[in-house]
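The block underneath contains the structure these notes are about, expressed in structure tokens.
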There are 2 protein chains.
Amino acid sequence: MNIGDVASQTGLPAKTIRYYEDISLIKPLRDDNGYRRFREQDVHKLNFLGRARALGFTIEDCRTLMALYEDETRASADVKKVARAHLAQIEAKIADLNAMRDTLGHLIDACAGDDRPDCPILQDLGGKP
Amino acid sequence: MNIGDVASQTGLPAKTIRYYEDISLIKPLRDDNGYRRFREQDVHKLNFLGRARALGFTIEDCRTLMALYEDETRASADVKKVARAHLAQIEAKIADLNAMRDTLGHLIDACAGDDRPDCPILQDLGGKP
DNA sequence: CCTTGACCTTCCTGTGACTGGAACCCTCAT
DNA sequence: ATGAGGGTTCCAGTCACAGGAAGGTCAAGG
């Protein structure tokens, strides 16, 4: 399989797949013409990576998770640890964004949004006393 | 005022303040020795920027908001439009993160987290059929 | 045989909003 | 004179790619 086929099968852009090879997440073979040749295991890995990335894991987390995936003697505790750390990050981010949303939502509600210059949003940003 | 004083007054790192000058968000004066000299208005702008950034506005949004802030003939509708677009982005991000949190949360709950290799998290990432 | 178009390759640059660090200058107190 | 603690510029790195240029490869059609 060439990169285009793999791209449409996995839903990952070819650019991304090349990048993953660059950083050694996958190691496809090469044909005589220099084209990458992907085996089933490569496609499987790419699907794994796509799902892990969709859950927001960093590339380094993905590397760790893939190593655990391929290690038959792994302890599920190690996987869970990585996942929990990531979940904590997600929850922190959500809390930040919720705070922003609340503040911004109130300001927007208070703003007339007409052609006059008075604006609680700018007043707040300007440090309304 | 020198950059260090402004940094501690605004809570912004000196690096960030220099960067904001680089991209022309602020234009402090210069002393004969080459040091930046910040006026009250510069500090005020930096506080504005700090608050806008804390609400998650991009630098380009900040530029727009500052221009509106300084334009006495602005229409509050223009401000509100920028804010609402940003709010929509925040809410989209929150939705994404909530989905991740839910999926990841379920997987973590299902994982024993002991020294055995069986792991629903990896099974899911591997595409458990 | 030639061309066309769809693939593929590598390499370089840019993104956003900074952060870290090197190498150097200024000022004041000891 | 020296040292500490400011300041300055400039360059590189971050993260996970995306865009684009310049060129090689392959199958089909004329």
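The values are calculated or read from the model by the stated rules, or taken from the named source; none is laboratory data. All values derive from a computational prediction rather than experimental measurement. When we count neighbours, we look across all protein chains shown, and the Cβ atoms used for this are built from the backbone with ideal geometry, even at glycine. SASA here: full protein model, heavy atoms, side chains in, ligands and nucleic acids out. Shrake-Rupley method; radii C 1.70, N 1.55, O 1.52, S 1.80 Å.
Within segment B:10-69, being away from DNA strand D (no atom under 12 Å from the Cβ), open to solvent by 50 Å² or more (accessible area, probe 1.4 Å) and hydrophobic (A, V, I, L, M, F, W, C) holds for B:ALA54, B:ALA67.
Answer yes if at least one residue in segment A:35-45 is among the β-branched types (Val, Ile, Thr) and either at pLDDT below 95 or not assigned by TED's automatic domain parsing to the domain that holds A:ASP22 (or both), and no otherwise. Outline the logic, then answer.
Residues of segment A:35-45 that are among the β-branched types (Val, Ile, Thr), as a first pass: A:43.
Retained after the next criterion (residues that are either at pLDDT below 95 or not assigned by TED's automatic domain parsing to the domain that holds A:ASP22 (or both)): none.
No, there is no match, as no residue in segment A:35-45 is among the β-branched types (Val, Ile, Thr) and either at pLDDT below 95 or not assigned by TED's automatic domain parsing to the domain that holds A:ASP22 (or both).
Is it the case that A:ARG84 is open to solvent by 80 Å² or more (accessible area, probe 1.4 Å), closer than 16 Å to B:ASP124 by Cα and at pLDDT 95 or above? Against the criterion (open to solvent by 80 Å² or more (accessible area, probe 1.4 Å), closer than 16 Å to B:ASP124 by Cα and at pLDDT 95 or above), A:ARG84 qualifies.
When the residues of segment A:53-101 are filtered to those that are of a type in the set (Lys, Arg) and more than 9 Å from chain B (Cβ to nearest Cβ), which remaining residue is farthest from the chain's Cα centre (by Cα)? Walk me through it before giving the result.
Step one: of segment A:53-101, the residues of a type in the set (Lys, Arg) are A:53, A:63, A:74, A:80-81, A:84, A:93, A:101.
Now restrict to residues that are more than 9 Å from chain B (Cβ to nearest Cβ): A:53, A:63.
Working: A:ARG53: 4, A:ARG63: 13 Å.
It comes out as A:ARG63.
Residues are listed down the side, and each one gets a yes or a no for (1) more than 30 Å from B:GLY113 (Cα to Cα); (2) β-branched (Val, Ile, Thr); (3) without any contact (Cβ under 8 Å) to a residue 12 or more places away in the chain:
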site	(1), (2), (3)
A:ALA7	yes, no, yes
A:GLY11	yes, no, no
A:THR16	yes, yes, yes
A:LYS45	no, no, no
A:ALA54	no, no, yes
A:PHE57	no, no, no
A:THR64	no, yes, no
A:TYR69	no, no, no
